[in-house]
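For reference, the structure discussed in these notes is given below.
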């Protein structure tokens, strides 16, 4: 459920931030993906620490 809520939230923020044109489309797409990933991380399906740590 939370990934879908995050995707919807990001999409609404994008629509509120800019309305019309390719720039608005790109903004909605980026914020939607960020919201979706935040929802997945909140639900525990993505480990953000693993994504941002250096491997060496």
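Only one of these conditions is not met by residue 18: (1) surrounded by 12 or more Cβ atoms within 10 Å (Cβ to Cβ); (2) at pLDDT 75 or above. Which number is it?
(2)
For segment 36-50, give me each residue that is outside any helix (DSSP H, G or I) and either out of contact with any helix residue (DSSP H, G or I) (no Cβ under 9 Å at 6 or more places or on another chain) or at positive phi (or both).
44
The values are calculated or read from the model by the stated rules, or taken from the named source; none is laboratory data. Please read these numbers as outputs of a predicted model, since none were measured by experiment. All Cβ positions, glycine included, derive from the backbone under ideal geometry; neighbour counts span all protein chains shown.
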